[in-house]
Ligand code: SF4
């Protein structure tokens, strides 16, 4: 790492620097800590369990795959499988291209992020390296149905999630287990370690930045208040990090409304029973809001809505200033924005797409993909937006099957594509392959 880059990382305080910008521009940009700190981070996070640490490997035992990064060949293989020439063509035409009566506008940032690209390539590499072994994934490799189906078709079995077909306790030391980009819980890592499986670590460096942050809070006696989705694998892995610290506590809040409830309690301490009931499934064991909200540190799941995370940060600042005074509140409140760079770029690029005035925006990605859901939320605030997970969702030029924001089920909408010349915006989550994006565009332009 260059000296200049080192200094930039050390002195960086994105939350403080960018909170003002949110009021004027809606979104902010910052660069998360680089992957190069990964080995150092891992050593600090799991010192008792890690015998050797390698970039690109959990290194829980000497049998772990020692790869600093995916080999060129496996990266090329995964890129070939998920490549779309049509997407590349549109990108080369400044991200907009006309096809008959349709003009397709791609967002400048869409599809696989660096973390997913690396995770998928490492998973292919594991398949090449261990052709005769049983290979498992702790859960979905990423939140995309096409990619998971491909791994299933290659014989990889899943230990949890919608594709589960094996139990962790049935594994043997001869088995290979891939840990996805968003990590897994300390409990599962311990089980796998004790069995002696070979582990392939594809955990994204940006996820580990969050772990490092909450570890710092725990060491300093601060409760971690995390903006995230409590059922998401990344959050489960993140809060499990707390089990390594005695008396460490956490509270997960899903949105600004819940942040307001917490701030109200901090200032007024009313209705403790109701507060405990509301957050029961989102707190550490024995969480006492009277004791454990005295000193807090903020963090967020890497793929949340950045704008909302920053608003939550501002809200807690106002709350702590009122409680402790403007000069001393910083002794009780630590803040840090842990939204990852890829998420931020994809969110910003939808705001830019708005200038093209598309009649609608198609958001492509898994329905359980957090970052895709946030893209859909932003797109819906710009124009008519449809979140689809597969090309088959586009039935024809009259009917589209899609999942509305905050709904669990898909619905069918008629007359989604206007007559005459139409501008259509296309974006996709960080776990959506270009191949799927290209298939969707091909289906749309076939109606021209
Ligand atoms: S979305 Fe961000 S945190 Fe998740 S894998 Fe991609 S780069 Fe890493």
Practice task
State which residue is nearest to the ligand (Cβ to nearest atom) when the search covers only the stretch 199-213 and only residues that are more than 25 Å from residue 125 (Cα to Cα) and touching a helix residue (DSSP H, G or I) at 6+ places or on another chain (Cβ under 6 Å).
Solution key: 210
Exercise for the section: Residue by residue through the stretch 218-239, note down the ones that are without any contact (Cβ under 8 Å) to a residue 60 or more places away in the chain, assigned to a helix (DSSP H, G or I) and within 18 Å of residue 292 (Cβ to Cβ). Expected result: 218, 219, 239
Practice task
Test residue 297 against the criterion of being away from the ligand (no atom under 16 Å from the Cβ), in contact with a strand residue (DSSP E or B) (Cβ under 8 Å, 6 or more places away or on another chain) and closer than 30 Å to residue 361 by Cβ, and give yes or no.
Solution key: no
Handout entry: Meets criteria (under 28 Å from residue 379 (Cβ atoms) and away from the ligand (no atom under 16 Å from the Cβ)) for residue 257
Key = yes
Practice task
Just give me the residues in the stretch 373-392 being touching a strand residue (DSSP E or B) at 6+ places or on another chain (Cβ under 7 Å) and closer than 19 Å to residue 436 by Cβ, in sequence order.
Solution key: 375, 376, 379, 385, 386, 387, 388
Handout entry: Of all residues in the stretch 91-132 being modelled with pLDDT under 95 and more than 24 Å from the chain's Cα centre (by Cα), the one that is farthest from the ligand (Cβ to nearest atom)
Key = 132
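Conditions tested, residue by residue: (1) farther than 23 Å from residue 116 by Cβ; (2) in contact with a helix residue (DSSP H, G or I) (Cβ under 6 Å, 6 or more places away or on another chain); (3) part of a helix (DSSP H, G or I); (4) outside the structural domain of residue 221 (by TED's automatic domain parsing).
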| position | (1), (2), (3), (4) |
| --- | --- |
| 307 | no, no, yes, no |
| 311 | yes, yes, yes, no |
| 315 | yes, yes, yes, no |
| 320 | yes, yes, yes, no |
| 326 | yes, no, no, no |
| 347 | no, yes, yes, yes |
| 363 | no, yes, no, yes |
| 367 | no, no, no, yes |
| 377 | no, no, yes, yes |
Practice task
Quick one: which residue in 326, 358 is more than 22 Å from the chain's Cα centre (by Cα) and either surrounded by fewer than 19 Cβ atoms within 10 Å (Cβ to Cβ) or within 16 Å of the ligand (Cβ to nearest atom) (or both)?
Solution key: 326
Practice task
Kindly check whether there is at least one residue in the stretch 425-438 that is under 20 Å from residue 99 (Cβ atoms), modelled with pLDDT of 95 or more, assigned to a loop (DSSP other than H, G, I, E, B) and in contact with a strand residue (DSSP E or B) (Cβ under 7 Å, 6 or more places away or on another chain).
Solution key: no
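The values are calculated or read from the model by the stated rules, or taken from the named source; none is laboratory data. Just so it is clear, the model here is predicted, and its values are computed rather than measured. Don't worry about glycine lacking a Cβ; one is built from the backbone with ideal geometry, like all the others, and counts go over all protein chains shown.
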